[in-house]
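> Take a look at this one; I'll ask things after.
Computed from the coordinates by the stated procedures, all read-outs in this text should not be read as laboratory data. Here the structure is a predicted model, which means the values were calculated and not measured. Cβ sites come from the backbone with ideal geometry, for glycine too, and all protein chains shown count toward neighbours.
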Amino acid sequence: MSIDASGVVTSYHDGLLGRIRSRSLGAVRAGVPEVVLVHGMTACDYLLPSLTAMATWTRVHLIDLPGCGGSGDPPHELTVEEFADAVTDWLEHRRLHRAILAGHSSGTQVAAATALKRPDDDLAGVVLASPVFDPAYPGLARVLHRWLLDLTREPAGLERVNRRERKRAGLRRLVHVLRVHRRYRLSDAVTALRVPVLVIRAHDDALSTPGWAGRLAALATEGGRVEVPGPHTFCWRDPDAWSNPVRAFAEAQRG
């Protein structure tokens, strides 16, 4: 474990599916759930501004999935369910209960899959920010086209942040992760969840439609939906855009 000048605590856990790096910031506050951030496809550091923003009101953790960021390589390439197994193992190691799992992009699938592995009263809720993959864009070609369109709406600095981590993951892993996430049925997972769900969609997200976000919220046993400004990775440039609604969501789950 190490602590940097900004107070971020970096820890490592040798889990069932490889070593996991986690970075934590903020203080535990009575009655307010802690938040666990689950990153998108092979890139992690773009969520560091979110770590700082959410740490103003709770203890927040950013975990690097196996094979991504500062985590170790897994014993084999993982499925969405196995990524969820790794997160579940980390939660148990940290003895973290009544937390909120907040996934972004493909991390929404891992967050939902993890929640399905936990007892109903073990988590306070699940946040699905910029969920993928929208059925409105079937087929890999459509997905890649929408992704390229979204890149034109993202800040130029985002790709510089993601490049090093994507290079570390490598093309083969990136293609594998894309394949397994495209196969995962997020709508089925949300239907089966028995914890509150908040869906966050960015207004200019080229990878999802308002109808998709609304459908996911409607499928949840207790679902809510908000729309925020920005493209798919809105949270990098404006972390408060989801910190504020996640805070309201967390405070609604007090106790």
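> What tally of residues in segment 110-146 results from selecting those that are part of a loop (DSSP other than H, G, I, E, B) and aliphatic (A, V, I, L, M)? Please lay out each step first, then the result.
Looking only at segment 110-146, we keep the residues that are part of a loop (DSSP other than H, G, I, E, B), and these are 118-122, 130-139.
Next, only the ones that are aliphatic (A, V, I, L, M) stay: 132, 136.
Within segment 110-146, residues that are part of a loop (DSSP other than H, G, I, E, B) and aliphatic (A, V, I, L, M) number 2.
> Can you name the residue in segment 4-44 that is of a type in the set (Lys, Arg) and out of contact with any His (no Cβ under 8 Å at 6 or more places or on another chain) and, of all such residues, is farthest from residue 147 (Cα to Cα)? Don't jump to the end; show me each part of the working.
Filtering segment 4-44 for residues of a type in the set (Lys, Arg) gives 19, 21, 23, 29.
Next cut, out of contact with any His (no Cβ under 8 Å at 6 or more places or on another chain) only: 21, 29.
On the way: 21: 28, 29: 38 Å.
Going through the qualifying residues, I end up with 29.
> Only one of 246, 197, 228, 180 is within 28 Å of residue 28 (Cα to Cα), surrounded by fewer than 22 Cβ atoms within 10 Å (Cβ to Cβ), aliphatic (A, V, I, L, M) and touching a helix residue (DSSP H, G or I) at 6+ places or on another chain (Cβ under 8 Å); which?
On the way: 246 fails: surrounded by fewer than 22 Cβ atoms within 10 Å (Cβ to Cβ); 197 fails: surrounded by fewer than 22 Cβ atoms within 10 Å (Cβ to Cβ); 180 fails: within 28 Å of residue 28 (Cα to Cα).
Of the residues listed, the single one that is within 28 Å of residue 28 (Cα to Cα), surrounded by fewer than 22 Cβ atoms within 10 Å (Cβ to Cβ), aliphatic (A, V, I, L, M) and touching a helix residue (DSSP H, G or I) at 6+ places or on another chain (Cβ under 8 Å) is 228.
> When you scan segment 161-174, do you find a residue that is among the acidic types (Asp, Glu) and in contact (Cβ under 8 Å) with a residue 24 or more places away in the chain, even just one? Don't jump to the end; show me each part of the working.
If we filter segment 161-174 for residues that are among the acidic types (Asp, Glu), which is where we start, we get 165.
Subset that is in contact (Cβ under 8 Å) with a residue 24 or more places away in the chain: 165.
Looking for residues that are among the acidic types (Asp, Glu) and in contact (Cβ under 8 Å) with a residue 24 or more places away in the chain, one finds at least one in segment 161-174, hence yes.
> Checking residue 191 against (1) surrounded by 20 or more Cβ atoms within 10 Å (Cβ to Cβ); (2) under 27 Å from residue 122 (Cα atoms); (3) of a type in the set (Ser, Thr, Tyr), which single condition isn't satisfied?
With respect to (1) surrounded by 20 or more Cβ atoms within 10 Å (Cβ to Cβ); (2) under 27 Å from residue 122 (Cα atoms); (3) of a type in the set (Ser, Thr, Tyr), residue 191 is out only on (1).
> Considering only residues that are of a type in the set (Ser, Thr, Tyr) and either without any contact (Cβ under 8 Å) to a residue 60 or more places away in the chain or part of a helix (DSSP H, G or I) (or both), which ones fall in segment 71-109? Full working, then the answer.
From segment 71-109, those of a type in the set (Ser, Thr, Tyr) are 71, 79, 88, 105-106, 108; that's our starting set.
The answer is 71, 88, 108.
> Moving to a separate point now. Could you tell me whether any residue of segment 233-251 is part of a loop (DSSP other than H, G, I, E, B) and touching a Lys or Arg at 6+ places or on another chain (Cβ under 8 Å)? Break it down stepwise before answering.
So in segment 233-251, the residues part of a loop (DSSP other than H, G, I, E, B) come out as 233, 238-239.
Then keep just the ones that are touching a Lys or Arg at 6+ places or on another chain (Cβ under 8 Å); that gives none.
No, there is no match, as no residue in segment 233-251 is part of a loop (DSSP other than H, G, I, E, B) and touching a Lys or Arg at 6+ places or on another chain (Cβ under 8 Å).
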